[in-house]
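The values are calculated or read from the model by the stated rules, or taken from the named source; none is laboratory data. Values in this document were obtained by computation on a predicted structure and should not be read as measured data. FYI the Cβ positions are ideal-geometry reconstructions off the backbone, even for glycines, and counts take in every protein chain you see. The accessibility values were calculated without ligands, DNA or RNA, using every heavy atom of the protein model including side chains. Shrake-Rupley method; radii C 1.70, N 1.55, O 1.52, S 1.80 Å.
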Amino acid sequence: MNALAVGRAGIWAGEMDRYPARALRRAAAAVEDLGCPALWLPETTGREAMAQAALLLSATRRAVVATGAASIYARDAVSAAAGQRTLAEAFPGRFLLGLGVSHPALVTDVRGHRFGPPVATMRAYLDAMDAAPFGPPVSAPPRVLAALGPRMLRLAAERAWGAHPLGMPVEHTRRARSLLGPRALLAVTQLVVLDPSRARAAELARAHAAAALPNRLALLRGLGFDDADALPDRLVDALVVTGGPEDVVRRVEEQHEAGADHVSLHVLTATPDEPPLRQWCELAAYLW
């Protein structure tokens, strides 16, 4: 699979579904103007991932737009392959498809599907994507898998450009690299709070760390956080970096030293309906 120039650090904009389309385009252009090489977007219950990626690609000129991650339950494998190749053809070298199995509640309660065994379901989906027909001759674009556990990480090394773990400590990055091997892309997302108020930053960090716990408890215990369910301060600090841009840069460097090739930053704020332009600008002075 052809590599894309995602750079060493990017932005993971987890609240993009909250922005009106006009604000979405402005935010994407602002990120690119700051020099950011890659902009990641999620898919949950808001905009459809391929359509939103097209909006962002059309609003920018150079940045790589990546889905982190598009749910394999949101579209069949033939549609996913067609959408990926359509965007790769229209915006050469600028679209990265990240795929994920999502979460059982979203799959069953919201989408009305049966949630299958994650690794086996993903493997079958990739098989179907690879066998899917597509009209114009477009070379196979790169893809990454949203992967946290060992089996999904190994599948990412086997069947994709690499893996995209979201919101895990540096210790997980080190373990993920050992499972992926030296050649696969490891693109991690780091949670960030840039707030001059230490009390407000700590409260926001704890709230988001708590939200991330349910599907990570077993993995976090395996990384040495035996009391993860109690959410001790050291776990909050491991999941969410708070402070100033220098603190964020230090964590980014730690992630790279642990084996990450790319670190996308999910900036958390108390006003998620508004793009965190101030925080992005502060980070840009140090990262791009």
Residue 75 farther than 19 Å from residue 144 by Cβ and of a type outside the set (S, T, N, Q)
no
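With the structure loaded, tell me whether residue 198 is of a type outside the set (Ser, Thr, Tyr), touching a residue at least 12 places away in the same chain (Cβ under 8 Å) and open to solvent by 50 Å² or more (accessible area, probe 1.4 Å) or whether it fails that test. Spell out the reasoning first.
Details: of a type outside the set (Ser, Thr, Tyr): yes; touching a residue at least 12 places away in the same chain (Cβ under 8 Å): yes; open to solvent by 50 Å² or more (accessible area, probe 1.4 Å): yes.
So residue 198 passes the test.
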Is one or more of the residues making up segment 192-210 closer than 30 Å to residue 96 by Cα and assigned to a strand (DSSP E or B)?
yes
Please list, ordered by first then second residue, the pairs with beta carbon atoms under 6 Å, 6 or more apart or interchain, first in segment 163-189 and within 23 Å of residue 232 (Cβ to Cβ), second among the acidic types (Asp, Glu) and open to solvent by 10 Å² or more (accessible area, probe 1.4 Å).
170/254
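Residues checked against (1) open to solvent by 50 Å² or more (accessible area, probe 1.4 Å); (2) basic (Lys, Arg); (3) under 29 Å from residue 91 (Cβ atoms):
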{"position": "131", "(1), (2), (3)": "yes, no, yes"}
{"position": "138", "(1), (2), (3)": "no, no, yes"}
{"position": "157", "(1), (2), (3)": "no, no, yes"}
{"position": "174", "(1), (2), (3)": "yes, yes, no"}
{"position": "182", "(1), (2), (3)": "yes, no, no"}
Return the pairs, sorted by first residue and then second, in which the second residue is open to solvent by 30 Å² or more (accessible area, probe 1.4 Å) and at pLDDT below 95, the first residue lies in segment 34-62 and is closer than 21 Å to residue 164 by Cα and among the basic types (Lys, Arg), the beta carbons are less than 7 Å apart, and the residues are 6+ apart or on different chains.
47/17
Out of (1) within 17 Å of the chain's Cα centre (by Cα); (2) closer than 15 Å to residue 161 by Cα, the odd one out for residue 93 is which?
(1)
